[in-house]
């Protein structure tokens, strides 16, 4: 029988022990930091009504083209969620008595039927933390602090770039770009890092911006100096909305205890239309990976629009890309955990039931224990233990066992010693 | 604007803080027990190629009717997984160098577009643990032990019913039912508990079984006594395959340390065709919930067939139903955890930045801390803290703070005391 068809769907991945354990470790770090800041978990389904995903206040036309569609047996149009923000909006809309502020985190798979490139998958995991119902910049600062905490705990050096959409709008106005051109200009600006100044100017001119305006815009983007210095220089150039954006950014930056890895970048735009204030993107320091590993911002209008209510739902959040973080940690980790199993029992010429009692005793002490159930010889068993990355083999023979002793083999050093079961337990608990 | 369309997809659910925390707790219990027995995590995608799900060795025609189908932009036929066993088979088939035995667990959402009844969902979570590559009944016993450990840790009283397909086939033969009728007879037998003896006899006769054979079958099913007594009685009636089944069951039962909650039930069939030996189902003791909360068995042929190899892949596993377990625990839990947040800081006539320093200090000590960012008054803040289920409020005023003190309010007792920050930290760490 040929099984040429047994393949994964394109753009999806399996994670066996080593990969899955790394993901679990990252997830548990994210979860613990989110909870440390007072956020509670929310779980929403993977399948949503297509109506919800296609709402004009949701992800927009582009993302809808990449949305997987399906129907249920009742003919209802459904889709696989493409992010966790739209399901949160739907949750808020369907739970009108929710207490505000609503601080929630969600970790879950999302799906986009897009083109495949390195590091881009059709099924991937987003890890979002958002607070709804707070206007104060303290909430925006909290998002930056959460990112600082997460990457400190993951031991990754990062730069957190911050900007503010109001300030960006002020810059556009100061450069003489009309407000109806703001959105398309921002889309082009978003490519500044990638394409460089000349190419961006050219693209802007192609979109009908005057050469003078494009030049002025580039000048404002290229201001040098520290965060406050740049803000001060811009303050002199900008009016109205721009000044408000500067004040917000200042408030946010002042709330931060650790400012060293936070960089104000006036060109940071974030493609999405729904941001209304702060925007942030997190990049690895000294890395070949140039894409953001976390990103977010303030979106004060979206939920209210979505819910269809006059009520205001100011909101700010940040999303961590599990897949890129685990790619990075997978590349840099010195020693990769291949299993959580601490001990593997090898029965030597005794009944399996006898050896199995030792396994039970170790497990009762909380030691993750595997045992040979195939009656293999010692050599093959030790090969299996080594290949599985289990740190200790426990050799159990009849005579030794009658004296309540076993032989503990440290798989790394190869050292074997005959110890009492109690001694073995203590050693394994420490391991 | 009307939002009549903002609904969940049918048969799906949201889990806000309380529900999500309960699910996390169950998941973490399952995970820790699985790891205690030496199983490693596997993650496979939610989306699989439809070919894989539709393989004739996979879930079968019935389940395929309930499979959600979709296509990617390349026109490839895909489906949402309906279980975690088929993806595991696909994983084994696409990883031919996998070391055996392969002990894996997987927790994940599965999807079935079936009729909706109480406790049945279209998106639900399965928690599977399987060992591939072990023929010995020690592996079957391990599945029962894992179930015993899981439900002991979840504090649920259960009965684990066990049977063996070979024994069941022997019983059918002894009753005079032809082997070509075995499968359909087993499907009817599976309803014995629900329909009662008379109805089952009638259904069997409807399927062409003689009244005498149906009667004999019922007699063999109704044997009284303890597990060994029933096995002994059956041993006298059965030959060949039946005797083999009895020997296997005996071996499995003998390997168990705790036998009190394990009941041999010769009528236990499990609907699925692929089981070849042991079968088990776990039921709640003294509960109105009559459906199984975990179930599994041995399937020695399925993976080999699936992989399309002559090589043998003996396998046994058990699957825990997270949704029914959390329904049960949700109903019986005395006190439900509404949040993991331990403390909520209420600034009293001081700058938010000042109060925020206290939050940072508590978080540095690992205490999950929320803080008012809306400048609400004390009364409204305390209402929010109470409604959120946060156990302690930390009132921070200017004068107190200068003396490095805060007021700690126990939300349950209403007791307030002025303590130093260090004292508060110690109290909150213990809470």
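Observations on the structure shown:
- Using a simple spin-label model with pseudo-atoms 7 Å out from Cα toward Cβ, residue A:62 and residue B:301 lie 5.4 nm apart.
- Label point 7 Å beyond Cα along the C-beta direction, distances from residue A:71 to other copies (nm, shortest first): 1.3
- For chain A, the fraction of alpha-carbon pairs in successive 10 Å shells from zero, as %: 4, 17, 23, 21, 14, 10, 7, 3, 1, 0
- Among B:223, B:189, B:238, the largest mean-square fluctuation in a Gaussian network model of chain B (Cα springs under 10 Å) belongs to B:223.
- C-alpha long axis of helix B:227-237 to longest principal axis of chain B, angle in °: 20 degrees
- For the options A:200, A:378, A:129, a Gaussian network treatment of chain A with springs between C-alpha atoms closer than 10 Å singles out A:378 as fluctuating the most.
- Between the range A:378-424 and the range A:133-189, the alpha-carbon center distance in angstrom: 56 Å
- Placing a pseudo-label 7 Å from each Cα along the Cα-to-Cβ vector at residue B:417 and residue A:179 gives an inter-label distance of 5.8 nm.
- Taking a ≥ b ≥ c as the square roots of the eigenvalues of the alpha-carbon gyration tensor, the range A:376-420 is classed oblate because a/c is 1.5 or more while a/b is no larger than b/c.
- Take every pair of alpha-carbon atoms less than 8 Å apart whose residues are at least six positions apart; their mean separation over the length of the range A:17-332 yields a relative contact order of 23 percent.
- Neighbouring partner chain Cβ atoms per residue of A:28-40, average, 10 Å criterion: 5
- Average partner coverage of B:14-27, which counts Cβ from other chains inside 10 Å: 4
- Scaling the Cα radius of gyration of the protein assembly as shown by the globular reference 2.2 N^0.38 Å produces a ratio of 1.07.
- Three-way shape call for the range A:34-124 based on the alpha-carbon gyration tensor, with the a/c threshold at 1.5: oblate
- Efficiency of FRET from Cβ geometry, residue B:155 and residue A:403, R₀ 45 Å, rounded to 0.05: 0.75
- Sequence ranges A:160-171, B:308-319, ranked by mean other-Cβ count within 10 angstrom, highest first: A:160-171, B:308-319
- Spin-label model distance (nm) - residue A:335 vs residue A:118, 7 Å beyond Cα toward Cβ: 3.0 nm
- Label distances, nm, residue B:25 versus same residue in remaining copies, Cβ-directed 7 Å point: 2.9
- Chain A has one residue whose beta-carbon comes closest to the axis relating it to chain B; that residue and its distance in whole Å are A:70, 2.
- Against the main long axis of the alpha-carbon atoms of chain B, helix B:85-94 sits at an angle near 80°.
- Across the copies of the chain, residue B:237 has label points (7 Å from Cα along Cα→Cβ) spaced 9.2 nm apart, shortest distance listed first.
- Among B:263, B:43, B:403: highest mean-square fluctuation, GNM of chain B, C-alpha pairs under 10 Å: B:403
- Rounded is the label for the range B:343-430. Its Cα gyration tensor axes, ordered a ≥ b ≥ c, give a/c under 1.5.
- As a length-normalised measure over Cα pairs under 8 Å and 6 or more apart, the relative contact order of the range B:343-430 settles at 31 percent.
- Against chain A, whose longest principal axis is taken from its Cα atoms, helix A:197-206 shows a tilt of about 60°.
- If a spin label sat at a point 7 angstrom from the Cα of residue B:28 along the line to its beta carbon, the backbone N atoms of the range A:19-41 nearer than 14 Å would be those of A:25, A:27-36, A:40-41.
- The range B:241-272 versus the range A:198-219: alpha-carbon centroid distance in Å: 78 Å
Just so you know, all these numbers are worked out from the coordinates, no wet-lab data involved. Model, not experiment: these values are computed from the prediction. Note: ideal-geometry Cβ built from the backbone for every residue, glycine included; neighbour counts use all protein chains shown.
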